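**Student:** If you scroll down you'll find the structure; I have some questions about it.
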Amino acid sequence: SPSYRVGSPPAPEFDKVQHRRPMLSLDNAFSFQEIQQFLDRARRFLKLPENIDIPLMAEPKIDGLSASLHYQKGHFVLGATRGDGQVGENVTANLKTVRDIPLILQEEDFPEDLEVRGEVYMPRLDFETLNQNRQKEGGSLFANPRNAAAGSLRQLDSSITAKRPLRFFAYSYDTDSPVQNQTQEDILKNLKRWGFSVAAPSRLCETLQEAFDYFQTLEALRPTLGHEIDGIVYKINDLALQRRLGTIGRVPRHSIAFKFAAEQAETTVEDIIIQVGRTGVLTPVACLKPVFVGGVMVSRATLHNEEEIQRKDIRVGDAVVIQRAGDVIPQVVQVLVSKRGFDTNPFLFPDVCPVCGHSVTKMKDQVAKKCSNIFGCDAQAVERLKHFVSRPAFDIEGLGEKHLETFYKEGWLKTPADIFALFDPKRPFSQQLRQLEGWGEQSASNLQKAIEKSQNIPFDRFIYALGIPQIGQVTARLLAKHYKNPEALWKASLEDLLTIEGIGPGMAQDLLAFLQDLDQQHIVKDLLSHIVIVPYQETQSQASPLSGKTVVFTGSLENLSRSEAKAQAERLGAKVSGSVSKKTDLVVAGAEAGSKLKMAQELGIKILNEQEWMALIDEKAS
Ligand code: IVH
C-alpha cells in the first residue's frame, strides 16, 4: 500500500546525487529517412557492410521524466531524478511511494549492484481526476500529465507524493557486475522478471521495414493507451554493438527517438507582443485565443523573429493553425488567409526596445534584432538574474521569477553580486525583505540558506551562470575542463579557444567580447568576492592510463573505422591528433602505415598495432 511506504519526514531540500554514468538524452528523428541515415552512420562507424540489417528494439517513448533507481542485493536503496544529466536529486522517499517500483526484487538472479533507469509518468485519467480535484479545491492546475508527474515527484513531503497517482516504466539497467546480457531484448525480459513494469508493446525489428510497420501500429494505438507517448525509441538490440558505438556529446550513437507528428489546432491571434531576453534579443510572441492542443491549453506561440512574421505574414486578428509537440514551444504553422478580415494590417516590428526605448540593432548575417542597451535595459537585467539563479546555474531555490522582478523593481537587486548581499544587515532593505507581503519569516530564512549554500559553485556552473551569449551548459563544461579557474579563463586567447573541440569561431568571439568588456569584468569581480569556485569534476573520472595522452592513428585499421578508434581513445580520456610530434604519446599503426610511423620510430614514441590497441581497450573497458 502506498501509504505504508511513506518514510522520512520532509527535508528542507533534496540532496544532490552524482550519477555514476551520465543520464543522456536522445537524438530526434522526424522522418523515416532519418532512421535510415541513423543506421547508415552506425554501419559506417562499425565498419559493417552496407547491406547488412541491424536489428532494432522498438519501444514506446513514454512522456514523463526519467529516474534512476539503485538496488543493492535486490533492495531499493537510492532513487534520483535526471537533473542536468550529471547530477540529479535524491528523491528516494518519493519513489518508494510509486507502486510500480519494487522495493525488493523478485527472482534471485539479479546482479548484486543494479541501477535501473526508466520513466516516471502519470496515467491520463488519473491526471484528469487530479486536476478536477484541484480545481474544486481552488488550487492551480497542471498543464499536462508530464508536468503533474514532475511536480509530484519533486515534493519535499513524500506523503504528498504518495497521494499522487505516479507510475513507472523501466527501460534499461546497468551494473558493475560482469555483464551477462547480450541484447536490449534480454534487458526488458529481465526487468519484467524482477518485478518492473515495462511499456508495451515493444517489438524486436529485424529490418527497417519492420521498424516502419511498428511505427504505424503504435501510432494507431496511441489514442487508446492509458498514458501519453511522444514517439518511439529505436535501440540497436545488440549490446556489444551499443558499447562500441558509445556516445557523441550528450547522446548515444546506438539509439534514436522517432517523434510523432505534432498535433495541430486552429485559433485566432489576439495580440503580438515583444519579449526582451537576457542577451537583448527581441522575440515576438503571439497571444492566442486559448485552444486545446496536444493535451494542453495553449494561449501563446513563439513567432521567432521579424523575418518569420513577414514570411508568414502573421497579423493581429488572423485565424491561424498552431502546432505543439512534446516539450517544444507552440508554433504558428500557417495563416488561414481566406478567413482574414479587411481590417487587418501587416505587423510592424519595433525599431526600439519596447522595455527601455533604446534603439535596436541587427547583427550582420543574423535575423534577430537586439536591444544594445546591455546594462541600462531592465528586461535584460532581470532576465540575466533569472538565468543566474536557475537550476543549472546557481540553483537558488526560493528566488522565483516574481520575487526577482519585485526585488529588482524595489532596487534591492541589480547584479548577481547583490544576491549575496540581500540579507546583509548593513543594507537598509534587509529587514523590509523579511516583511514582504505573501511570504513569512520562514521563506526569508529558507532563501537566505539557499543563497548561502549556492556560494560554493563548481566552475562549469559558474561559467554557465554568467549568461554569455552562445555559452550553454555543454560549452561551459568544456571551458571549465580546459581552463580550470577564472584567472586562466580570463586570459584565454582566440587561438587557444579554437583548440577546444566543440568551440567554434562564433562562440569564441562572443566569449572574448564578454571577457574583455570592462563593465562585465567589474560585475564578475564583484561576484567573485562573494563566492568560492569549486574545481570542475568529471563524472567518469576513473583514472585511465590514456587520460590526457595524445594518440595518433595511422595506416588502415582492419576491424575498426577511424571514427570508432577515435571514439575509443576519447572515451578513455585521450586526445586524438592527426600528426606525430614530440607531444605524441602513442601511435597506433595499421597496415601500410608510412611517414607517421617512421616519424614515431625516430622520435622513440610507443607504437601499438591494431591487436595490441584492442587488447588495451578491452582491458580498460572491462
Ligand atoms: S532510452 C540515452 N527508452 O526519453 C537515453 N528513453 O529523449 C536513453 N524515454 O531521457 C533513454 N521512454 O527519459 C529510453 N523506452 C525509452 C524511453 C525513454 C521515454 C525518455 C527518457 C530520456 C528521453 C530522451
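The values are calculated or read from the model by the stated rules, or taken from the named source; none is laboratory data. None of the values given here were measured: they were computed from a predicted structure. So basically every Cβ, Gly included, is an ideal-geometry build from the backbone, and we count neighbours across all protein chains shown. Heads up: the accessible areas ignore ligands, DNA and RNA and are worked out on the full protein's heavy atoms, side chains in. Shrake-Rupley method; radii C 1.70, N 1.55, O 1.52, S 1.80 Å.
**Student:** Those residues that are out of contact with any Ser or Thr (no Cβ under 9 Å at 6 or more places or on another chain) and open to solvent by less than 50 Å² (accessible area, probe 1.4 Å), I need them from segment 119-141; list them, please.
**Tutor:** The answer is 121, 123, 127, 131, 139.
**Student:** Identify, please: which residue in segment 71-83 is away from the ligand (no atom under 13 Å from the Cβ) and outside any strand (DSSP E or B) and is, among those, most open to solvent (accessible area, probe 1.4 Å)?
**Tutor:** Filtering first and then ranking leaves 73.
**Student:** Can I ask one more? Can you give me the ranges of the strands (runs of 3 or more DSSP E) entirely in segment 508-622 with at least 1 residues that are under 22 Å from residue 246 (Cα atoms)?
**Tutor:** The qualifying strands (runs of 3 or more DSSP E) are 550-554, 575-577, 586-589.
**Student:** Would you check which residues across segment 226-274 are in contact with a Cys (Cβ under 9 Å, 6 or more places away or on another chain) and within 16 Å of the ligand (Cβ to nearest atom) and list them?
**Tutor:** If the condition is that a residue be in contact with a Cys (Cβ under 9 Å, 6 or more places away or on another chain) and within 16 Å of the ligand (Cβ to nearest atom), then 234, 237 are the ones that fit.
**Student:** Sticking with this structure for a sec: Only one of (1) open to solvent by less than 50 Å² (accessible area, probe 1.4 Å); (2) touching a Gly at 6+ places or on another chain (Cβ under 9 Å) is not met by residue 350, so which one is it?
**Tutor:** It is condition (2) that residue 350 fails.
**Student:** Next up: Among the residues of segment 424-455 satisfying the criterion of being closer than 13 Å to residue 530 by Cα and open to solvent by 20 Å² or more (accessible area, probe 1.4 Å), which is modelled with the lowest pLDDT?
**Tutor:** 424
**Student:** Conditions: (1) away from the ligand (no atom under 12 Å from the Cβ); (2) part of a strand (DSSP E or B). Residue 68 meets all but one. Number of the miss?
**Tutor:** Unmet for residue 68, out of (1) away from the ligand (no atom under 12 Å from the Cβ); (2) part of a strand (DSSP E or B): (1).
**Student:** Keeping to segment 203-224, report how many residues are surrounded by fewer than 20 Cβ atoms within 10 Å (Cβ to Cβ) and within 13 Å of the ligand (Cβ to nearest atom).
**Tutor:** 1
**Student:** All but one of (1) within 15 Å of the ligand (Cβ to nearest atom); (2) assigned to a loop (DSSP other than H, G, I, E, B); (3) surrounded by 21 or more Cβ atoms within 10 Å (Cβ to Cβ) hold for residue 110; which doesn't?
**Tutor:** Just one mismatch for residue 110, condition (1).
**Student:** With the requirement that a residue be farther than 21 Å from residue 475 by Cβ and either among the aromatic types (Phe, Trp, Tyr) or open to solvent by 40 Å² or more (accessible area, probe 1.4 Å) (or both), what does segment 371-392 give you?
**Tutor:** Within segment 371-392, 372, 375, 376, 378 meet the criteria.
**Student:** Checking residue 62 against (1) more than 13 Å from the ligand (Cβ to nearest atom); (2) at pLDDT 95 or above, which single condition isn't satisfied?
**Tutor:** The one condition residue 62 does not meet is (1).
**Student:** Right, next: Is it true that some residue in segment 290-307 is in a helix (DSSP H, G or I) and surrounded by 15 or more Cβ atoms within 10 Å (Cβ to Cβ)?
**Tutor:** There is at least one residue in segment 290-307 that is in a helix (DSSP H, G or I) and surrounded by 15 or more Cβ atoms within 10 Å (Cβ to Cβ).
**Student:** Separate question: Under 20 Å from residue 525 (Cα atoms), modelled with pLDDT of 90 or more and surrounded by fewer than 18 Cβ atoms within 10 Å (Cβ to Cβ) - does that describe any residue in segment 403-414?
**Tutor:** yes
**Student:** Suppose we filter segment 144-198 for residues that are open to solvent by less than 30 Å² (accessible area, probe 1.4 Å), assigned to a loop (DSSP other than H, G, I, E, B), at pLDDT 90 or above and within 16 Å of the ligand (Cβ to nearest atom); how many remain?
**Tutor:** Residues flagged as open to solvent by less than 30 Å² (accessible area, probe 1.4 Å), assigned to a loop (DSSP other than H, G, I, E, B), at pLDDT 90 or above and within 16 Å of the ligand (Cβ to nearest atom) within segment 144-198 amount to 3.
**Student:** Hand me the list of helices (runs of 4 or more DSSP H) wholly inside segment 348-450 holding 2 or more residues that are in contact with a Cys (Cβ under 9 Å, 6 or more places away or on another chain) and in contact (Cβ under 8 Å) with a residue 12 or more places away in the chain.
**Tutor:** Of the helices (runs of 4 or more DSSP H) lying wholly inside segment 348-450, those with at least 2 residues that are in contact with a Cys (Cβ under 9 Å, 6 or more places away or on another chain) and in contact (Cβ under 8 Å) with a residue 12 or more places away in the chain span 378-389.
**Student:** Out of the residues in segment 35-47 that are surrounded by fewer than 19 Cβ atoms within 10 Å (Cβ to Cβ) and closer than 13 Å to residue 254 by Cβ, which is nearest to the ligand (Cβ to nearest atom)?
**Tutor:** Filtering segment 35-47 for residues that are surrounded by fewer than 19 Cβ atoms within 10 Å (Cβ to Cβ) and closer than 13 Å to residue 254 by Cβ, the one nearest to the ligand (Cβ to nearest atom) comes out as 41.
**Student:** Could you pull out the residue among 334, 323, 310 that is without any contact (Cβ under 8 Å) to a residue 40 or more places away in the chain, outside any loop (DSSP other than H, G, I, E, B) and touching a strand residue (DSSP E or B) at 6+ places or on another chain (Cβ under 6 Å)?
**Tutor:** Sole residue among the options that is without any contact (Cβ under 8 Å) to a residue 40 or more places away in the chain, outside any loop (DSSP other than H, G, I, E, B) and touching a strand residue (DSSP E or B) at 6+ places or on another chain (Cβ under 6 Å): 334.
**Student:** What number of residues within segment 84-99 are buried (at least 21 other Cβ atoms within 10 Å of the Cβ) and within 13 Å of the ligand (Cβ to nearest atom)?
**Tutor:** 1
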